[in-house]
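The values are calculated or read from the model by the stated rules, or taken from the named source; none is laboratory data. If you're wondering where the values come from, they're calculated on a predicted model, not measured in any experiment. Using ideal geometry, Cβ is built from the backbone for each residue, glycine included, and neighbour counts are taken over all protein chains shown.
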Amino acid sequence: MDLKIKICGMRDPRNIREVSLLSPDYMGFIFYPRSRRYAGQLSPAGIADLPENIRKVGVFVNLPAEDVLSTCRHMGIRTVQLHGDESPDYCKRMRDRGLYVIKAFGVGKANVFTGMPAYHDSCDLYLLDTAGEGYGGTGKQFNWKRLDEYMQEKPFFLSGGIGPTDAERILDLDHPQFFGVDLNSRFETKPGIKNRDELAGFIQKIRGKFPI
């Protein structure tokens, strides 16, 4: 099994280069102005030289479709993570325009799993995050036992409050659709700046059991 590593909330060009040397599979850039990790000031040049093996992900929340498409064209991004209330039709529109679509769902809402089948044909991956009052990450974990309720055929990223000491627990998870982990605030020295050494140690532990 090849467990994928996604590092999200990147915005500083120097830190992006440092983290890219760890060869994560995905790197996320948040284009949601209310996020403390908003990447709106990041230029295309800041991510243009990322290695081809790192998939660039634009994270959006309830933005008009044409604005998402425009940002992706400008930044050279071909993968979107939709973290708001985007409908299946909205997701399908993104996919029909050639984008790879990850749809985020907040675990903690009573009907979160029952609503997923409607998105099956309009998304490529799901991301399971901790539900909060607003949009975006909470920095907290949901009860991972709730993964037993996930009966979809679509692979998923596990997100929400994953930190440097969680590698062993993640390696113990057993779910046929467990695709990868999404890392963000628990690896930061300040919002948008990742601790490269903590990431390196975590990734080494994960890939020791799930080699690329």
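In table form, for the structure just shown:
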{"quantity": "Near pairs, Cβ below 9 angstrom, 6+ apart or cross-chain, from segment 152-170 (modelled with pLDDT of 95 or more and of a type in the set (Asp, Glu)) to any residue that is buried (at least 19 other Cβ atoms within 10 Å of the Cβ) and in a helix (DSSP H, G or I)", "calculated": "ASP166/ARG186; ASP166/PHE202"}
{"quantity": "Residue satisfying all of: in segment 110-137; more than 26 Å from MET27 (Cβ to Cβ) and polar (S, T, N, Q); surrounded by the most Cβ atoms within 10 Å (Cβ to Cβ) among these", "calculated": "THR114"}
{"quantity": "Check on ILE102, part of a strand (DSSP E or B) and of a type outside the set (Asp, Glu)", "calculated": "yes"}
{"quantity": "Close pairs (9 angstrom Cβ cut-off, 6 or more residues apart or separate chains): without any contact (Cβ under 8 Å) to a residue 60 or more places away in the chain in segment 172-193, buried (at least 21 other Cβ atoms within 10 Å of the Cβ) and not in a strand (DSSP E or B) anywhere", "calculated": "ARG186/ILE162"}
{"quantity": "From the options LYS140, LYS205, LYS154, residue that is surrounded by 15 or more Cβ atoms within 10 Å (Cβ to Cβ), under 21 Å from HIS83 (Cα atoms) and charged (D, E, K, R)", "calculated": "LYS154"}
{"quantity": "Residue match in segment 112-133 (condition: farther than 20 Å from VAL19 by Cβ, touching a Ser or Thr at 6+ places or on another chain (Cβ under 7 Å) and among the aromatic types (Phe, Trp, Tyr))", "calculated": "no"}
{"quantity": "Matching option when the condition is of a type in the set (Gly, Ala, Ser) and over 22 Å from VAL107 (Cα atoms), among GLY46, GLY28", "calculated": "GLY46"}
{"quantity": "Hits in segment 96-109 - residues which are surrounded by fewer than 16 Cβ atoms within 10 Å (Cβ to Cβ) and either in contact (Cβ under 8 Å) with a residue 60 or more places away in the chain or within 13 Å of CYS72 (Cα to Cα) (or both)", "calculated": "ARG97, GLY98"}
{"quantity": "Selection status of ILE30, buried (at least 20 other Cβ atoms within 10 Å of the Cβ), farther than 29 Å from ALA131 by Cβ and out of contact with any Ser or Thr (no Cβ under 7 Å at 6 or more places or on another chain)", "calculated": "no"}
{"quantity": "Segment 181-202 - residue that is crowded, with 18+ Cβ neighbours inside 10 Å and acidic (Asp, Glu) and, of those, farthest from LEU42 (Cα to Cα)", "calculated": "ASP182"}
{"quantity": "Check on ASN15, in contact (Cβ under 8 Å) with a residue 40 or more places away in the chain, in a helix (DSSP H, G or I), surrounded by fewer than 18 Cβ atoms within 10 Å (Cβ to Cβ) and touching a strand residue (DSSP E or B) at 6+ places or on another chain (Cβ under 9 Å)", "calculated": "yes"}
{"quantity": "Yes/no for SER20 being within 18 Å of LEU3 (Cα to Cα), hydroxyl-bearing (Ser, Thr, Tyr), in contact (Cβ under 8 Å) with a residue 24 or more places away in the chain and buried (at least 17 other Cβ atoms within 10 Å of the Cβ)", "calculated": "yes"}
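Yes or no, residue by residue, for (1) in a loop (DSSP other than H, G, I, E, B); (2) surrounded by 20 or more Cβ atoms within 10 Å (Cβ to Cβ); (3) without any contact (Cβ under 8 Å) to a residue 12 or more places away in the chain:
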{"residue": "ARG34", "(1), (2), (3)": "yes, no, no"}
{"residue": "GLN41", "(1), (2), (3)": "yes, no, no"}
{"residue": "GLY46", "(1), (2), (3)": "no, no, no"}
{"residue": "LEU50", "(1), (2), (3)": "yes, no, no"}
{"residue": "GLU66", "(1), (2), (3)": "no, no, yes"}
{"residue": "SER70", "(1), (2), (3)": "no, no, yes"}
{"residue": "GLN81", "(1), (2), (3)": "no, yes, no"}
{"residue": "GLU86", "(1), (2), (3)": "yes, yes, no"}
{"residue": "CYS91", "(1), (2), (3)": "no, yes, no"}
